[in-house]
Each structure stands twice: as C-alpha cells, then as structure tokens.
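Shown next, in structure tokens, is the structure this report addresses.
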2 protein chains.
Amino acid sequence: MSVTSAQGFRAAGVAAGLKSTGKPDVAVVVNDGPSDVVSAVFTSNRVEAAPVTWSRQSAADGRARAVVLNSGGANACTGPEGFLDTHRTAEHLAAALDISPGDTLVCSTGLIGTRLPMDALLAGVDDAVAHLSSDGGDDAAHAIMTTDTVPKVVTVTITSDGDAAPDLGTWTIGGMAKGAGMLAPGLATMLCVLTTDAEIDAALADAALRAATACTFDRVDSDGCMSTNDTVVLLASGASGSRPSAEEFTDALTEACASLARQLVGDAEGASHDIAVRVVGATTEDAAVAVARAVTRSNLFKAAVFGNDPNWGRVLSAVGTVPESVAPFDAARLDVTINGVQVCRAGGVGDARELVDLASDRDVTVVVDLHAGDAEATVWTNDLTHDYVHENSAYSS
Amino acid sequence: MSVTSAQGFRAAGVAAGLKSTGKPDVAVVVNDGPSDVVSAVFTSNRVEAAPVTWSRQSAADGRARAVVLNSGGANACTGPEGFLDTHRTAEHLAAALDISPGDTLVCSTGLIGTRLPMDALLAGVDDAVAHLSSDGGDDAAHAIMTTDTVPKVVTVTITSDGDAAPDLGTWTIGGMAKGAGMLAPGLATMLCVLTTDAEIDAALADAALRAATACTFDRVDSDGCMSTNDTVVLLASGASGSRPSAEEFTDALTEACASLARQLVGDAEGASHDIAVRVVGATTEDAAVAVARAVTRSNLFKAAVFGNDPNWGRVLSAVGTVPESVAPFDAARLDVTINGVQVCRAGGVGDARELVDLASDRDVTVVVDLHAGDAEATVWTNDLTHDYVHENSAYSS
C-alpha cells in the first residue's frame, strides 16, 4: 500500500505520456490531515534541478499538503524556464486540490537538460487528482519508476502492547522509492515519499528524517555519482492520534528507510553482487564511513567482485587513500574478511582467497578492521559490471 | 633510447621468469656520474608497498647510483617479510655494482599480496647487471611493462643557441614509464625513471620533479584508483657539464613528463576515447583541478562517452558535487563545450548535442567555464568501457 498505508493519505499514479513507453509517469500524494507536517532532505549537488529548488523553499516552513512526482524528465539544467515549469506544475496541482501552491512539493526524474512537455504533464496532474484514492499507493509507486524493475514500497506498523496510554496505540509509516545508482541511467536519481499518521510536530519530523536518511539512503553508494534531483519527503497527517516518542518514531522511520534503501540496492539491474562494506575498529563513525566509502567507490575492487575475485589488495589500496586526518589507523594492522574468510591479516596475506566462493553468492560482505577504536559503519554498493557500462552508455540520459 | 639518452647512464632489461609469459621483467638503471643526484616522488597511499618504503628512505639524502625495477609482482601487503625481500634485492644489486645499498632504489609492479620469487629475481638482477649498456634504455623500458601494449619512452634534448656560456651547451633528459589506470589490471601502478646529464643539485632536482609531476602525472586520472606502488625517480649524472637554470630545467622536465603521461593515457587498452577535461574561469588552479577531477571520476559521464553521447548533464552533475569552499562558482553561469560545440550555456541547454560527433574521434575535449576567475587546469582520463570491466574482472591482480 506504500504511501497510503497510513491513515489520512490519498494517492494516484497515471500515464500522462511523458514516457515514450506509455507507462505511468505522474504520481500525486495528498495529506488530508488533520496535521500537515512535512520535512524533506535533498541532494547536496550544487547543480540542483528546478523541482529541488522549489520543494526546498516550499518545505521550509514545515507545512505541506501534497507532492506531485513525475518520471520521464528531470527538469534539471533547464534554466529559468525550467523553474517556471515547476512553478506552473505546483500552481496547477494546488488549484486542483484547492490548497496553496506553497503547500505543494514537486519531484522529477529522467533526462537532464530537456524541458518537460507541460501540456501532457498538467493534464496528467488533473488525471491523477481525479483518481486520488486511499488505496492508490501502489499506483503511485509504479508511476515514479524509471529503470527500476519493481516498485519499492514499505509499511511499518507499530502497536503498543498492554494498557496503552492514550497517546500511543497503533500508528503506521508507509513509503515508496525509486532509483539509485546502477538502477538508473538517468543519473541515479533517488526519489522517496514517506507518510505517517503518527502525531508529530515539524521539529520531530525533521530530526527523525535527517537521522534516518543519514544511516540508510546516505550509505547506499552505487556508483559514487550524485544526482541533481534526489529528494526524500516525509508527510505526517496525525490521523492516528498516536504520539510516539522521538526515539520510537525515529527508530520506525529508520526501519522504513533501511528497507527501501536495501530494495534499491537489491534491484540494481546492472549488478550481479550486492556488496556491504562494514568498517569496524574506527576512531569515529565518520572515520568508518569515510573508509567504507573509499572501498565502495573503487572501480577496481567492484570490477574484481564482478569477476568473483575476493581481491583484498584492492580493498587495502582503497582504504589507504583515506587521509590520516580523516581516519587514523596503522596500515600494518589492517584486517580484511570477505564473506567470513580472513583474507588479510595485519596488512599482509591471510587465509587463502580460494576459500571465498563469490560465484555462488549474490551477497558480498567485506569487513575491514582498522584496530584504531570502537566505532563502525556499513556502506552498501554493487559490483561494476558489463551491464552497468551498457546501460549507462547505450541511453542518453 | 629512454633512460640512456642522457650521458652517464647504463641500463638493461632481462627476463627473469617473474612473468608467466617469459617476457622481460627485471630492469636496472645505473648512474655512472660524475654526479649522483636523485629525487623521487611516491604514491600518497597509506598502504604503501615495501619497495616504496625502501626507496623513500634511500632517496631521502638526495643521492643514489642505481634503480632496480621488476614487473610480475608488486611486493605490496606482504608484511615484514616483503620488506626483507626488497632489502635483499637492494643489497644484491649494490654488491653487484660495488656501491652502497643505501644508494639503490627499488620499484615493483604486479599482483598485490604475494611474495616475490626471490631466487629468480636475484638471478635476474645479476643478469641485468651483466647486460648493462649505454644503449640499454629500450630494453629497460620493455622490462617494466605489464599490460602496456607499447613501451613509453621520451628524450628531450636542449641545445643553447649562439655564444653559449660555458655552463650551457647541450643537455638531455630521457625517461621511461609504464602503467596508469585502465592500462593496468595490476592496480594502475605507474613507474617512471627519468635521467638527465644536466648538472643540477639535489634541491633543484627535487623542486623540478615535484613541479613537473604535479601538472602531468598527477593530472592523469584514469579510474580514480591510487596504487600502492607509484614511483617517479629522477637521476642526474651531470655528465654533460651543462648547468641549465632552474626554470629551463623544470620546463624541459615538465615536457618529458607530459609526453610520458600522454603516452600512458594513449595506450589505455580498455579505452576507446581519450578525454581531456579543461576547467577555465576558476578562482584558483586548485579549484580548477578539483572540478576537472570530479568530472574525470564520474563513471556515468565516462560511460556516456563510451556510448559516444556528449552528455553534458552528467558533466554538470559532477561539477555540482564540488563543495563551494573548494571551488566557488554560480551553477546558473556554467558553460560546457564538448569538442568545440557549446552544448550547455548558463547552466542550461546550449547548442544541439547532435552537433557533437564523438563516434569518429578518439579525442574528447570537455571545456567547463566556471565564470568565477582566471585560473584553469586540465585533467586527462579515458572512457569507461566493457574492456575496462573485462580486464579488471577477468584477472586477479
């Protein structure tokens, strides 16, 4: 049910003709309240698409009623005209819903550097509004897909046990997502809309969303490329009347985001292996993330995994590129374990790499022990494959 | 003639059996003086190979007489035993040449994480010493090749015109190099030995080498991966008796390094396009380099070039990942020109991308104008191809 799993939300997904395939390409999600809390996080790319600029402003006051999303065009690098297109889309949606344009967010994904076909898009918005329904979440999830082979949706329901206090009870978080790295020739744009009927204020929504994305979506690094359009939106209706604590809500939101993030990695079309790089023994979590990210961004290591080669030398050479100031460690103490086999011990040769059988396992887990502290972190990626090169060279996107 | 183009040098390259193919794999370069000046720059990877550790110490006093180089094994991540192997190699070479072990440098390239076959290597060192000759430069250049299809050599000869002062006259820089990025499944190790008969002191050698490598080898970024073994050595014999100025020598050395760097890019086996990313209008040269490097490290952009797609959206999205603190610019003013066609103007759509014909040209020149200042820089790379993935997944290296 995705974004309509929680009470107080309607959604729809329709085909407006933006995609040459004729598949659904416009989605609308509406928060019917009573609350209209919103929080959103966006790409940190300085070249940001027009809808990102719009939505960043629109979400700044912590209030929003609706989100319109389109696939089939990113509306990025389209100049002032592109921003006007986004503005028109927001105004059109607002008029159809009888709300303020400032209470709407816009998300786009697709080819960079071309204008959107506005007549088709606005007609699609009308069509989506006409089809809004409290079970339209799955249609919406389909309409935001680009090269995704399956929609990504999640529902997390929390029910308090025993004598529930009046501010607890049952509450739900639903969500949908598309994209990520190898999935997307279209610059890996990741779009995600999360909805909840928990009664939370804008401050909690914002804190929880930042905490949840920082350890989930921010740690999926398929090909090191940052999109111009990445957007994660959280809408809260308060319709359940339940008021979870900040910790409860943050935990549940993190669970929802983690599920969607793993679904993104799991659907990477070009990939033959899902790789988790876990760095332990770091001085800080930031240091662990930096080291893990260096490994997940090594083309040589990722190509080796595609070849089912547990090439720990390429892991170590990537680890060694992280500056001492970022992650203190002694290179002569590094240990590397791949799928349970300690192939590198104290910076040198460990157990036989032949003991690692990557050919028969899609999942690859690399553990790097820095022996420098107690902090750890995991970053997820995929292998570098012929299909990745094919997808990203054969399409203009 | 490579490293023996300058007076005062002998070299040799022999097959010692380190490579399973039986091709040459051990090279020795000897400086017969009268001067024994050396300077060297090394990988900044914190996981450095044993020969890097040795040579860094050995070159620290600015004096060296000989360099021994082997392909067929990197001697990296081999622990204390690996360092002893390098030490033994240096002592063996020193004994054969009747010099101090502290006047020898060692370079290795090949598979990480396995010990070198020392009996074969030491026998190879003896064989190379027996074959040292003043025209052995080409043999040496062959012996350091890994997946290079051709040896990379250069000779720069400077003759002063007219009434030469006694400290001018004719002097020469010779050099050989191997490797770089896509060329090398073996972690892209780049080895380079430069020789000169100019009469220069250690301080000038060091300053000139750092200046020359900073704007040549340091700006070739084939796949963003940093080797554990990269080494560039400059030996000066003073045999010509010519004393060029610091500026003259630095210019000539830069010319030699630039030639070798371009040869490395040009022989990238996996590549179908050589890409030069030139960033102009930057506030500083460092800012220009940072922006250029962001583009040369974008897998999405490099895969697009493989598909002959002048995908300026992927250029812009890479440019946008550089923090404002590193490179100030206004995203709405960015211009991008690809092979002479201005495909992006003021951050938006420019001339038709169809005007760019990448299919019929190996060379791709991308110019990004930041409109923020007067500084510029160029970084060279290759496209991301099926052959790159094949080479780096099909071999354990």
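The values are calculated or read from the model by the stated rules, or taken from the named source; none is laboratory data. Everything numeric in this text was worked out from a predicted model, so none of it was measured. No Cβ is skipped: glycine too gets one built from the backbone with ideal geometry, and neighbour counts run over all protein chains shown. Ligands, DNA and RNA are stripped out before the accessible areas are found, and what is left, the full protein with its side chains, is counted by its heavy atoms. Shrake-Rupley method; radii C 1.70, N 1.55, O 1.52, S 1.80 Å.
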What are the ³J(HN,Hα) couplings of the range B:378-385, residue after residue, when phi is run through the Karplus curve with 6.51, -1.76, 1.60 and θ = phi - 60°? Round to Hz, x for glycine and proline. 10, 10, 9, 8, 10, 7, 9, 10
Nearest-first distances (nm) between copies at A:ALA214, label 7 Å from Cα via Cβ: 3.7
Over the range B:246-397, what per residue volume does the convex hull of the Cα atoms give, in whole Å³? 134
What value, in deg cm²/dmol to 500, does the helix sum -39500 (n - 2.57) over DSSP H runs of n ≥ 4 give at 222 nm once divided by the residues of the protein assembly as shown? -9500 deg cm²/dmol
Inter-copy distances for B:ALA359, label 7 Å out on the Cα-Cβ vector, sorted ascending, nm, one decimal, are 3.8
Pick from B:CYS107, B:CYS192, B:CYS344 the residue whose mean-square fluctuation is largest in a GNM of chain B, springs joining Cα atoms under 10 Å. B:CYS344
Dipole check, the range B:2-266, charges on Cβ (K,R +1; D,E -1), about Cα centroid: among B:SER133, B:ALA95, B:ALA203 the Cα furthest to the positive pole belongs to B:ALA95
Name the residue from A:GLY8, A:THR250, A:HIS371 whose Cα lies farthest towards the positive end of the charge dipole of chain A, charges +1 on Cβ of Lys and Arg and -1 on Cβ of Asp and Glu. A:HIS371
Whole Å is fine, so just give me how far the alpha carbon centre of the range B:268-325 lies from that of the range A:105-160. 32
Give me a comma-separated list of calculated 3J(HN,Hα) values for the range B:240-246, in order, Karplus coefficients 6.51, -1.76, 1.60 applied at θ = phi - 60°, integers in Hz, x for any Gly or Pro. 7, x, 8, 10, x, 6, 4
Per residue of A:208-218, count partner chain C-beta atoms within 10 Å of its C-beta, then hand back the mean as an integer. 0
What distance in nm separates the simple spin-label points at B:SER100 and A:ALA359, each placed 7 Å from Cα in the Cβ direction? 5.4
Quick calc: nm separation of the 7 Å Cα→Cβ label points for A:ASP201 and A:LYS23 -> 4.3
What does the copy distance list look like for A:ARG56, label position 7 Å along Cα→Cβ, in nm and ordered from shortest? 4.0
Relative contact order of chain A (C-alpha contacts under 8 Å, at least 6 apart) in percent is 18
Residues listed by number, the range B:244-274, amide nitrogen under 12 Å from B:ALA211 label point at 7 Å toward C-beta: B:245-255
Return the ratio Rg/(2.2 N^0.38 Å) for the protein assembly as shown, where Rg is computed over Cα atoms only. 1.05
Amide H proximity to B:SER272 below 5 Å, modelled H, separation 5+ or other chain, gives B:ASP383
10 Å Cβ neighbours from other chains, averaged over peptide B:341-348: 3
Net charge of Cβ neighbours under 14 Å - reference A:ASP85; Lys, Arg +1; Asp, Glu -1: -1
Report, in debye and to the nearest 20, how large the dipole of the range A:1-131 comes out about its Cα centre when Lys and Arg carry +1 and Asp and Glu carry -1 on their Cβ. 360
Gap separating the Cα centres of the range B:5-56 and the range A:56-97, nearest whole Å: 61
Over 24 Å apart: what share of the alpha carbon pairs of the range A:236-329 falls there, rounded to a whole percent? 43
Lys and Arg at +1, Asp and Glu at -1: neighbours of B:GLY73 with Cβ under 11 Å from its Cβ sum to 0
Angle check, please: helix B:118-130 long axis (alpha carbons) against the longest principal axis of chain B (alpha carbons), in degrees 0 to 90, nearest 10. 80
Shielding score for A:300-312, defined as the mean number of other chain Cβ atoms within 10 Å: 6
Taking the Cα centre of the range B:2-266 as origin and charging only Cβ (+1 Lys, Arg; -1 Asp, Glu), how large is the dipole, in debye to the nearest 20? 780
Counting only residues 5 or more apart in sequence or on a different chain, those whose built amide H sits under 5 Å from that of A:CYS107 are A:VAL68, A:LEU69, A:ASN70
With label points built 7 Å along Cα→Cβ from the Cα atoms of A:THR159 and B:SER44, find their separation and express it in nm. 5.8
With all protein chains present and a 1.4 Å probe, how do A:LYS178, B:LYS23 order by accessible area, largest first? B:LYS23, A:LYS178
What is the calculated FRET efficiency for B:HIS131 to B:GLU255, with r their C-beta to C-beta distance and R₀ = 30 Å, to the nearest 0.05? 0.50
By the gyration tensor of its Cα atoms, with a ≥ b ≥ c the square roots of the eigenvalues, what is the shape of the range B:2-266: rounded for a/c under 1.5, prolate for a/b over b/c, or oblate? prolate
Tell me, what is the FRET efficiency for B:ALA60 and A:ARG56 to the nearest 0.05, using R0 = 45 angstrom and their Cβ-Cβ distance as r? 0.30
Under unit Cβ charges (Lys, Arg +1; Asp, Glu -1), what dipole magnitude, rounded to 20 debye, does the protein assembly as shown have relative to its Cα centre? 420
Considering only the other residues whose Cβ falls under 10 Å of the Cβ of B:VAL379, what net charge follows from Lys and Arg at +1 and Asp and Glu at -1? +2
